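A short write-up of the structure that comes next.
Values in this text are rule-based calculations from the coordinates and carry no lab data. Here the structure is a predicted model, which means the values were calculated and not measured. Here the Cβ positions follow ideal geometry from the backbone for every residue, glycine too, while neighbour counts run over all protein chains shown.
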Amino acid sequence: MTENELKKLSIRRREIERDIKKLLEDVAKIDRTIPGIDDEISQVVSELNLTAVELRIPGLSTDVKAQLRTKEQQLRTDKAQLRTKEELLLREKERLQTKEEQLRREQEQLQTQEAQLRAALGQTVSSSYVYLDRALLMDPPSKTNMKREQLDPVAGPLIQNWRPTQDKSSGLLPELAHPTFGEVVELLDSDTEVDQAVIDVASQLCCIGADLYQNEAQLTKRVRGLLLPFLEDKVVTTVESGFAGNKVSPDWALGDSPENPTNLFLIAEVIGPHARLSAVAWLNRVTIFPLTPLLNLLPAHPVTDRLLMPVARMLAALRAGLRKLTQDHATAAVRTAAEHEVAQAGPAKAEDAKAEEAEAEEAAAETEDAETAEELADLLEAKPVSEEKLPWPIAMDARYRIATAYSLAAPNHTYRVGLAGDDSGREGVVAVKLCRSYSLAAHQRWADLGLAPKILRSMPLPGGWLLVEMEWLSAPQWRPLSKLSKEELDEAQCAVQQALERAHTATGMVHGDVRPPNCLMRRDEASWEVRFVDFEWAGPEGEATYPACLNPDIPWPEGVGYRKQLQREHDIKLLAATLAARGAAAASAASTGTTAGRGRRTRGRGAVRSLNTTSSSGHSAAPPGIAVVFARHRIAGISWRQHGAISWTRPAAPGRRLVW
């Protein structure tokens, strides 16, 4: 069983869905037609009765009687024909319903086979082939059941857009999907001066958006007429039509070919008197994320900066982002042409290249044995991250071996990654954390005391993100406090409390999230060693404050809340409360006979409240609004790495080039 067979199954299932839909439409049409035929038959019967009455009138001439009998005969013929037509329609309805039942049975069989094959292939999402063929078989947007498409139990969501708010319907944030998106976010958030030409276009867009139109096509035409000259570029392609077919408004597009679904988009949407800029990336399927809220398009008099300037800044960021993507595209075109020449060298060379690549991958796997077998067994709990879901700061950095990346704390962006090796050929493993805020000062001060992992490097990223690379505390020597057995926990608890008080006293820094998952423990012959991790909120006592989204499932001490100052007593009380809660949970599990086995537990939920909770509203998850301008950029083969890194569609071997 191969991916091509999976593709065939998925395509056939989609074809059956369309056939069933067509059958239901035909049955509905028959149901609408039959009552009309019944009405015609009733009318014919009434006329026959009237004719019979007229024939019984005495004194009718022979000619009149002949005419009435001819009419009666014609009415009887019409009645018979209508009865026959009705019977044919009923038989056709029965045939269609029988065919529908057969198709539904075949559909169920295909769904079962597809699920089994997908499990055998180890895939959690549709391949690009299956996904794009699925989209090409769809009805126009106005006729597509987006709720069904987003909640498809087999193929998964059509579009990753955080609707409904489940992990499987989301993807990487745009700033982590590609650096250009991060740069656009920075422009949107900055106070950079906007030139007068952009302001003039923004003013015209406000006038267009505030006008009234008979249909969406009129609005689309006017917006395109304004923005296309403003965004004109010889390389960037404007999408004029999409897979949904002609005479569909709005028109929309999806990637390029199944062989190379590697597009990045910036989409300017105008939805009535509102505009919005969104990022679209291919992350094993189309992923959409709004970069701005809906902005008012109102030419308020007098024109106010408060209404106009956000629109102008959005247009300026859109144009700058497109120019940056265009530059990358030019680089990609050159590289793709070179690859094409290599591909034409002949099948033998291609086979040789595959063999060399397989050997390189095998060698890479062997070198990973630098860590202990026990640690690798422990890492089985962490799911390997496929390249399409790796943030670009890791995927594009020659420092890291992409095939070794593991997600440690999803949905938080923390990874265990192998290093590519230094000049001496030595390799190692590090922990990489990507976050919007982090107290490097607090982490470093605690690390100087031997109470936190060593910081190896930090790097600001576009869009306000930060990369923090630190030493990897390998398992099974180092374990979270939350994974210790009850006996070990009783011994280690005192060591953690003493280490916390020591850090507070020596540094004046407060952690803010001292829970068992953030306390790593290692036992030597005489005592327990402690390392604290996750310093996103940390800072000087009385200065650092808590964020807005605190997880309500965590027993926060009194005084903890949005913009409330971090206090030492909060750390101490939070640690005590979470340890007490863990002990109560363990006692309850023991009393019911349900244990995690060997003292292992899953990592506790994060301190920040997750917004990826199942939606109960049942609302449709349709794509947003009227996408009137699509500025497309296809990145087919850009390497940000000196030696190359990965293929976008499968695990990498050393020496492979990064492809978006």
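Exposure proxy for Lys93, Lys483: other Cβ atoms within 10 Å of each Cβ, ordered fewest to most, give Lys93, Lys483. This model, with +1 at the C-beta of Lys and Arg and -1 at the C-beta of Asp and Glu, gives segment 3-123 a dipole about its Cα centre of some 200 debye.
Using the Karplus relation 6.51 cos²θ - 1.76 cosθ + 1.60 with θ = phi - 60°, the per-residue 3J(HN,Hα) values for segment 23-30 come to 4, 4, 5, 5, 5, 4, 5, 5 Hz, with x marking Gly and Pro. When Lys and Arg each count +1 and Asp and Glu each count -1, what net charge do the other residues less than 11 Å away from Ile199, Cβ to Cβ, add up to? That works out to -3. Peptides 67-79, 274-286, ordered by how many other C-beta atoms sit within 10 Å of their residues on average, highest first, read 274-286, 67-79.
Between Asn49 and Ala66, the modelled label-to-label distance comes to 3.0 nm, taking each label 7 Å out from Cα in the direction of the beta carbon. A cut-off of 5 Å between modelled amide H atoms, ignoring neighbours fewer than 5 places along the same chain, links Arg401 with Gly418, Leu419, Ala420.
Working from label points 7 Å from Cα in the Cα-to-Cβ sense, the Asp490 to Asp305 distance is 6.7 nm. Taking amide H positions as modeled 1.01 Å from N, with prolines and chain starts lacking one, the residues under 5 Å from Leu550 and 5 or more places away or on another chain are Arg609. Amide hydrogen proximity for Val286: with H placed 1.01 Å from N in the peptide plane, the residues at 5 or more positions away or on another chain lying under 5 Å are Gln160.
Name the shape class, rounded, prolate or oblate, that the alpha-carbon gyration tensor gives for segment 524-584, where a ≥ b ≥ c are the square roots of its eigenvalues, rounded holds for a/c under 1.5, and otherwise prolate holds if a/b is larger than b/c and oblate otherwise. In terms of gyration-tensor shape, oblate.
Here is the link list: Lys143/Lys221; Lys433/Lys486; Lys7/Lys221; Lys454/Lys564. Which ones come out longer than 32 Å on Cα distance? Violating the 32 Å limit, Cα to Cα: Lys7/Lys221. Which distance in nm do the two modelled labels at Arg104 and Asn4 give, with both placed 7 Å along the Cα-to-Cβ direction? About 3.5 nm, to one decimal.
Karplus-derived 3J(HN,Hα) values for segment 279-290, using 6.51 cos²θ - 1.76 cosθ + 1.60 with θ = phi - 60°, are 9, 10, 9, 8, 10, 6, 6, 5, 10, 10, 9, x Hz; glycine and proline are entered as x. Which one of Asn551, Trp537, Gln498 has its Cα pushed farthest toward the positive end of the charge dipole of segment 479-592, where Lys and Arg give +1 and Asp and Glu give -1 at the Cβ? It is Asn551, whose Cα lies furthest towards the positive end. Per-residue Karplus couplings for segment 480-495, computed as 6.51 cos²θ - 1.76 cosθ + 1.60 with θ equal to phi - 60°, are listed in order as x, 4, 5, 9, 7, 5, 4, 5, 5, 4, 4, 7, 7, 4, 5, 5 Hz, Gly and Pro entered as x.
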